[in-house]
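**Student:** Pasting a structure below so you can have a look.
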Amino acid sequence: MATHSTRTADFGTVRSGALLGKSLTITGEIRGDEDLVIDGKLEGDVDLPQHRLTIGPSGVLHGKIRAREIVVYGTVQGNLQASERVEIKKHAKVIGDLKAQRPVIEDEAYFKGNVETVRAEAPKTAAPAPAGVQAAQASAASGAAGQPSASGAPAASTGSGAGGRQESRKG
Amino acid sequence: MNAKPLPRAPAEKAGGGSAARRSYALEQFTEYLSGFELGQVVDLGGACQSNVDYVTGMGHRLYAEDVLLTLAAWQGGPAAGQSTDTLPPGCLEFPRSSVHAALCWDRLQFLAEPATAALVERLHRILAPGGMLFALFYPDQGARAPLACRVTGPHELQIHPVGAVRPFRGYSTRSIEKMFQQFDSLKFYLTRENLQEVIVRR
């Protein structure tokens, strides 16, 4: 049987905390105040706002994650929100939106979803957008999870920068 | 019956692969993106760190999805035969005019014609008026591995083939214009690799 220390070595820098082993399947929400490694299956959300969550290579999680740091070697289907960093390692599979100060996606990881960086300072005020984009941008800011409602703004004229070999313009 | 495995592109060298080169289309794309913040950008080539940094570094949100993988999974899945749709459910399901820019890279070239048309139609629907789309096309046809395209600077692109070699269709300038006929304008840049870089405005 693999010991916690063996798994610790597998996942790099994990030093202590709880472990959900490979053979375990849990349905329900996990909240806590310590680091957690999930190498089994979890159907439910994880909330570790001050700690690190690691999804091991055999780990499968269907649910939302909120943690200080999230490191994924396995599979996650759900949104990930970290106050510091999210790392999606090589061969990991993540389907969901990712929000963190420092999102890291390694080569050969599979990721499908939105990536948004969260800045420590106060959020910026949006600068004026190109014509036609402004209305959509306004609705994007108020829409849920980056899925703003439709905008019927009129079409904008197009740019004509130098260096183009050929340009085709309609209308 | 065992299918013969497809040849694969040469493995990327550690630390980068092909050298980065200047891209005039990317320069225009960067100029557009830097003109506003909090926009929505979609990347149809999947997620890679440099492109995530490029888009989010300018204050935008990036949606990443490799449409080739999505379509392959859907076409090989159990639901494929039961649907008459050309795109899988949930593929780029953004509200109308809610996306400000799209990075298509070379992905449109590797799709079957109905899927290409459906994807372009969907991009036209989700892009905001004035929004920008960046795509790459080879003029010839044959078989190649899709390109991994990394933005290494505001005007610099690094491209190299990755994964299995697939058949793709060639597009002349005229056929690209026809593909994007619903859009407002197109601008072409021919690169040293004989690639057409295309900037399309919605």
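**Student:** Being basic (Lys, Arg) and touching a residue at least 12 places away in the same chain (Cβ under 8 Å) is the filter; apply it to region B:178-202 and report the residue that is farthest from the other protein chains (Cβ to nearest Cβ).
**Tutor:** Looking at residues that are basic (Lys, Arg) and touching a residue at least 12 places away in the same chain (Cβ under 8 Å), I get B:Arg192.
**Student:** Ok, one more. If you check B:Gln49 against the conditions, is it within 7 Å of chain A (Cβ to nearest Cβ) and farther than 21 Å from B:Ala145 by Cβ?
**Tutor:** Here the answer is no, as B:Gln49 does not meet what is asked.
**Student:** Quick check: is even one residue across region B:105-121 surrounded by 20 or more Cβ atoms within 10 Å (Cβ to Cβ), facing chain A (nearest Cβ under 9 Å) and in contact with a strand residue (DSSP E or B) (Cβ under 7 Å, 6 or more places away or on another chain)?
**Tutor:** no
**Student:** Output yes when any residue across region B:137-156 is touching a Ser or Thr at 6+ places or on another chain (Cβ under 6 Å) and among the hydrophobic types (A, V, I, L, M, F, W, C), and no when none is.
**Tutor:** Yes, region B:137-156 has at least one match.
**Student:** Of the numbered conditions (1) surrounded by fewer than 19 Cβ atoms within 10 Å (Cβ to Cβ); (2) under 26 Å from B:Asp53 (Cβ atoms); (3) more than 15 Å from the chain's Cα centre (by Cα), B:Pro161 fails exactly one; give the number of that condition.
**Tutor:** Only one criterion is unmet by B:Pro161, namely (3).
**Student:** Report, ordered by the first and then the second residue, all pairs with beta carbons closer than 7 Å, sequence separation of six or more or different chains, a first member in region A:70-84 that is under 17 Å from A:Lys41 (Cα atoms), and a second member that is buried (at least 19 other Cβ atoms within 10 Å of the Cβ) and among the hydroxyl-bearing types (Ser, Thr, Tyr).
**Tutor:** Once the first residue is under 17 Å from A:Lys41 (Cα atoms) and sits in region A:70-84, its partners that are buried (at least 19 other Cβ atoms within 10 Å of the Cβ) and among the hydroxyl-bearing types (Ser, Thr, Tyr) give A:Val71/A:Thr54.
**Student:** Does B:Phe134 meet the test of being more than 12 Å from chain A (Cβ to nearest Cβ) and touching a helix residue (DSSP H, G or I) at 6+ places or on another chain (Cβ under 8 Å)?
**Tutor:** It is true that B:Phe134 is more than 12 Å from chain A (Cβ to nearest Cβ) and touching a helix residue (DSSP H, G or I) at 6+ places or on another chain (Cβ under 8 Å).
**Student:** Spot the failing condition for B:Leu44; the list is (1) in contact with a Cys (Cβ under 7 Å, 6 or more places away or on another chain); (2) surrounded by fewer than 23 Cβ atoms within 10 Å (Cβ to Cβ), and only one is missed.
**Tutor:** All conditions are met except number (2).
**Student:** How many residues does region A:41-66 contain that are out of contact with any Ser or Thr (no Cβ under 8 Å at 6 or more places or on another chain), over 16 Å from A:Glu106 (Cβ atoms) and in a strand (DSSP E or B)? Before you say what the answer is, go through the steps one by one.
**Tutor:** Taking region A:41-66 first, the residues out of contact with any Ser or Thr (no Cβ under 8 Å at 6 or more places or on another chain) are A:45-48, A:50-54, A:56-58, A:62-66.
Then keep just the ones that are over 16 Å from A:Glu106 (Cβ atoms); that gives A:45-48, A:50-53, A:58, A:62-66.
This time we only want the ones that are in a strand (DSSP E or B), so: A:46-48, A:50-53, A:62, A:65-66.
Here the count works out to 10.
**Student:** Would you mind telling me which numbered condition in (1) more than 20 Å from B:Leu33 (Cβ to Cβ); (2) over 15 Å from the mean Cα position of the chain (by Cα); (3) hydroxyl-bearing (Ser, Thr, Tyr); (4) buried (at least 22 other Cβ atoms within 10 Å of the Cβ) B:Ser98 fails?
**Tutor:** Unmet condition: (1).
**Student:** In region B:52-67, which residues are under 13 Å from B:Pro154 (Cβ atoms) and either within 17 Å of the chain's Cα centre (by Cα) or among the small types (Gly, Ala, Ser) (or both)?
**Tutor:** Of everything in region B:52-67, those that are under 13 Å from B:Pro154 (Cβ atoms) and either within 17 Å of the chain's Cα centre (by Cα) or among the small types (Gly, Ala, Ser) (or both) turn out to be B:Tyr54, B:Val55, B:Gly57.
**Student:** Right, something else. Only one residue in A:Val94, A:Val86, A:Val71 is at pLDDT 95 or above, surrounded by 15 or more Cβ atoms within 10 Å (Cβ to Cβ) and either assigned to a loop (DSSP other than H, G, I, E, B) or touching a Leu at 6+ places or on another chain (Cβ under 6 Å) (or both). Which one?
**Tutor:** A:Val86
**Student:** Restricting attention to region B:56-91, which residues are within 18 Å of B:Gly45 (Cα to Cα), outside any helix (DSSP H, G or I), hydrophobic (A, V, I, L, M, F, W, C) and modelled with pLDDT under 90?
**Tutor:** If the condition is that a residue be within 18 Å of B:Gly45 (Cα to Cα), outside any helix (DSSP H, G or I), hydrophobic (A, V, I, L, M, F, W, C) and modelled with pLDDT under 90, then B:Leu87, B:Cys91 are the ones that fit.
**Student:** Of the residues B:Ala19, B:Ala14, B:Ala3, B:Ala47, only one is at pLDDT below 95, within 18 Å of the chain's Cα centre (by Cα) and not in a helix (DSSP H, G or I); which?
**Tutor:** Going through B:Ala19, B:Ala14, B:Ala3, B:Ala47 in turn, just one is at pLDDT below 95, within 18 Å of the chain's Cα centre (by Cα) and not in a helix (DSSP H, G or I): B:Ala47.
**Student:** Specify which of the listed residues (B:Arg192, B:Arg150) is under 27 Å from B:Asp53 (Cα atoms), assigned to a loop (DSSP other than H, G, I, E, B) and not polar (S, T, N, Q).
**Tutor:** Just a single option satisfies the conditions, and that option is B:Arg192.
**Student:** Let me ask something else about it. State whether the residues of region B:57-71 include one that is in contact (Cβ under 8 Å) with a residue 60 or more places away in the chain and either out of contact with any Leu (no Cβ under 9 Å at 6 or more places or on another chain) or more than 19 Å from A:Leu98 (Cβ to Cβ) (or both).
**Tutor:** yes
The values are calculated or read from the model by the stated rules, or taken from the named source; none is laboratory data. These numbers come from a predicted model, not from an experiment. Please note: Cβ atoms are built from the backbone with ideal geometry, for glycine as well, and neighbour counts cover all protein chains shown.
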